[in-house]
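The values are calculated or read from the model by the stated rules, or taken from the named source; none is laboratory data. Remember, predicted model here, so these are calculated numbers, not experimental data. No Cβ is skipped: glycine too gets one built from the backbone with ideal geometry, and neighbour counts run over all protein chains shown.
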Amino acid sequence: MQKRIFLRSTALAALSLVAALAHADNNTFKIGLILPMTGPFASTGKQIEAAARLYMAQNGDTVAGKKVELIVKDDTSAPDVTKRIAQELVVNDKVNVLAGFGLTPLALATAPIATQSKTPLVVMAAATSSITQASPYIVRTSFTLPQAAVGIADWAPKNGIKKVVTLVSDYGPGIDAEKYFKDRFLFNGGQVIETLRVPMRNPDFAPFLQKVRDLKPDAMFVFVPSGAGAALMKQFAERGMDKAGIKLIGTGDVTDDDILNSMGDVALGVVTSHHYSASHNSPLNKKFVEAFQKANNGLRPNFMAVGGYDGMRVIYEAAKATKGGSGDALLEAMKGQIFESPRGPMFIDAQTRDVVHNIYIRKVEKVGGQLYNQEFDTIKDVKDPGKNK
Ligand code: DHB
């Protein structure tokens, strides 16, 4: 009798403990935000964290009656660290959603965790086309390199650029940029006379730039990850490439708003294609840039910040629609979202879980004494061309 009562009470205690835990979980909606906060890609982490915090400041820290908890972790841009942190966030913290992912290898390393645990994973930065195919739980709010690269491949041959050398970082997004630029540029009657790939980490551009100089193309097409553009631009100028009549074109990663102003006049006139410029002319973007700068000591938001801000929007709206849900329900509520972003109109394609948005052709110009990517042409509603292969 005693034993039975004891058993019953311990069972009850265990149950109420489970209920208490479930209750605690029911009252919070947890977002695990994994970013490179230190090391060579720390600017990506800083921009995305700042944007996520701004979104929360503007939209409140409760959804569907639950408190939103943002757990920010530094993965130092090492894929094994990203994966381990994701595992801990899922198992120990029981996060509703994983988010962030500053580089392609970090997103790819973590994809199996999303699949195994059925946890939606929102890619806010990484931009290799294939990432969304690495797990059915991945949704992307950044962009893809094929989307960005075809815009400039259409613009260049109509503007006197017939012979190009490509120079890209030697990993996923660079290889995508090279391939999709080259295919479209050739289709448009252009010629790619050399394709050069530089190491992703700590690249020494000098020998590559020398080679480009010797080849004398009309232009050099460039992809380097966010943050690396300043060093490239500096060496481009030091070698007198611009004076030798070689134009610089690329995806907008090279004239990243985070560092554009520090590049100086050598950046003037550089034409790129991309989905976001801090000078995008819309009331919503003006409000976004102003609020971001106010909250971050004047820091200018770049395309990484916008990927983070829009990622939070997608998460918040899915959380609202599912009353703070998780797993498949939360994922489904992310698909098909359509809204106005600071970048312009934006849509999460339900089939591919990838972003559809405008790509703008922009030229670096001085506005009020500051350098900006001034948008002058728009290619509307661009789907990732990488998804048709
Ligand atoms: C990736 C990283 C970047 O900094 C960028 O500008 C584009 C793509 C990436 O690793 O996917």
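Filter segment 142-160 down to residues that are farther than 16 Å from R362 by Cβ and more than 16 Å from the ligand (Cβ to nearest atom), then give me how many there are.
Total meeting the criteria: 2.
Please go through segment 161-174 and give me each residue that is surrounded by 20 or more Cβ atoms within 10 Å (Cβ to Cβ) and within 16 Å of the ligand (Cβ to nearest atom), ordered by number.
T166, L167, V168, S169, G172, P173, G174
Here are the criteria: (1) closer than 24 Å to A295 by Cβ; (2) surrounded by fewer than 22 Cβ atoms within 10 Å (Cβ to Cβ). Tell me which single one V97 does not satisfy.
It fails just one condition, (2).
Give the residues of segment 266-287 that are in a helix (DSSP H, G or I), touching a Pro at 6+ places or on another chain (Cβ under 9 Å) and in contact (Cβ under 8 Å) with a residue 60 or more places away in the chain, sorted by residue number.
Of everything in segment 266-287, nothing turns out to be in a helix (DSSP H, G or I), touching a Pro at 6+ places or on another chain (Cβ under 9 Å) and in contact (Cβ under 8 Å) with a residue 60 or more places away in the chain.
Condition check: within 23 Å of G386 (Cβ to Cβ), surrounded by 24 or more Cβ atoms within 10 Å (Cβ to Cβ), touching a Phe, Trp or Tyr at 6+ places or on another chain (Cβ under 7 Å) and aliphatic (A, V, I, L, M). Does V306 satisfy that? Give the steps one after another, and end with the answer.
Values: within 23 Å of G386 (Cβ to Cβ): yes; surrounded by 24 or more Cβ atoms within 10 Å (Cβ to Cβ): yes; touching a Phe, Trp or Tyr at 6+ places or on another chain (Cβ under 7 Å): yes; aliphatic (A, V, I, L, M): yes.
Considered against the rule, which asks whether it is within 23 Å of G386 (Cβ to Cβ), surrounded by 24 or more Cβ atoms within 10 Å (Cβ to Cβ), touching a Phe, Trp or Tyr at 6+ places or on another chain (Cβ under 7 Å) and aliphatic (A, V, I, L, M), V306 comes out as yes.
Can you tell me how many residues in segment 82-92 are surrounded by 15 or more Cβ atoms within 10 Å (Cβ to Cβ) and either within 19 Å of the chain's Cα centre (by Cα) or not in a helix (DSSP H, G or I) (or both)?
Total satisfying the criteria: 3.
Is it the case that A109 is free of Cβ contacts under 8 Å to residues at least 60 places away in the same chain, within 16 Å of the ligand (Cβ to nearest atom) and in contact with a helix residue (DSSP H, G or I) (Cβ under 6 Å, 6 or more places away or on another chain)?
Values: free of Cβ contacts under 8 Å to residues at least 60 places away in the same chain: yes; within 16 Å of the ligand (Cβ to nearest atom): yes; in contact with a helix residue (DSSP H, G or I) (Cβ under 6 Å, 6 or more places away or on another chain): yes.
Answer is yes for this residue.
Please determine, by comparing only the residues of segment 175-210 that are among the charged types (D, E, K, R) and at pLDDT 95 or above, which one is surrounded by the most Cβ atoms within 10 Å (Cβ to Cβ). Reasoning before the result, please.
Kept after step one, since they are among the charged types (D, E, K, R), are these residues of segment 175-210: 176, 178-179, 182-184, 194, 197, 201, 204.
Now narrow it down to the ones that are at pLDDT 95 or above: 176, 178-179, 182-184, 194, 197.
Values: D176: 27, E178: 23, K179: 19, K182: 18, D183: 16, R184: 20, E194: 16, R197: 17.
Out of the qualifying residues, it is D176.
Looking at D354, D384, D328, which one is acidic (D, E), in contact with a Ser or Thr (Cβ under 9 Å, 6 or more places away or on another chain) and closer than 30 Å to G65 by Cα?
Values: D384 fails: closer than 30 Å to G65 by Cα; D328 fails: in contact with a Ser or Thr (Cβ under 9 Å, 6 or more places away or on another chain).
On inspection, the qualifying residue turns out to be D354.
Do we find that A156 is under 15 Å from the mean Cα position of the chain (by Cα) and closer than 24 Å to K247 by Cβ in this structure? Spell out the reasoning first.
On the way: under 15 Å from the mean Cα position of the chain (by Cα): no; closer than 24 Å to K247 by Cβ: yes.
Against the criterion (under 15 Å from the mean Cα position of the chain (by Cα) and closer than 24 Å to K247 by Cβ), A156 does not qualify.
With (1) within 16 Å of the ligand (Cβ to nearest atom); (2) assigned to a loop (DSSP other than H, G, I, E, B) as the list, and A99 as the residue in question, which single condition is left unmet?
(2)
Could you tell me which of the residues A244, A237, A230 is surrounded by fewer than 24 Cβ atoms within 10 Å (Cβ to Cβ) and within 16 Å of the ligand (Cβ to nearest atom)? Please lay out each step first, then the result.
Details: A244 fails: within 16 Å of the ligand (Cβ to nearest atom); A237 fails: within 16 Å of the ligand (Cβ to nearest atom).
Answer to the check: A230.
So which residues in segment 52-81 are basic (K, R) and not in a strand (DSSP E or B)? Can you show your working first?
So the first thing to find is which residues in segment 52-81 are basic (K, R), and the list is 53, 66-67, 73.
Answer for segment 52-81, where residues must be basic (K, R) and not in a strand (DSSP E or B): just R53.
Residues of segment 106-131 being within 23 Å of V150 (Cα to Cα) and surrounded by fewer than 24 Cβ atoms within 10 Å (Cβ to Cβ), which ones? Spell out how you get there, then give the answer.
First, pick out the residues of segment 106-131 that are within 23 Å of V150 (Cα to Cα): 123-131.
Listed by number, the list holds a single entry, S130.
Considering F376, F339, which residue is modelled with pLDDT of 95 or more, among the aromatic types (F, W, Y) and farther than 22 Å from F292 by Cα? Working first, answer last.
On the way: F339 fails: farther than 22 Å from F292 by Cα.
None of the others qualify; the one that does is F376.
Out of the residues in segment 62-77 that are over 19 Å from the mean Cα position of the chain (by Cα) and of a type in the set (D, E, K, R), state the one that is surrounded by the fewest Cβ atoms within 10 Å (Cβ to Cβ).
K67
Quick one: how many residues across segment 48-65 are in contact (Cβ under 8 Å) with a residue 40 or more places away in the chain and in contact with a strand residue (DSSP E or B) (Cβ under 8 Å, 6 or more places away or on another chain)? Break it down stepwise before answering.
Step one: filter segment 48-65 for residues in contact (Cβ under 8 Å) with a residue 40 or more places away in the chain, giving 48-59, 63-65.
Still in the list and also in contact with a strand residue (DSSP E or B) (Cβ under 8 Å, 6 or more places away or on another chain): 48-49, 52-53, 56, 63-64.
Count: 7.
Please find, among R362, R353, the residue that is of a type outside the set (D, E) and farther than 19 Å from T115 by Cα. Quick ask: steps written out before the conclusion?
Details: R353 fails: farther than 19 Å from T115 by Cα.
None of the others qualify; the one that does is R362.
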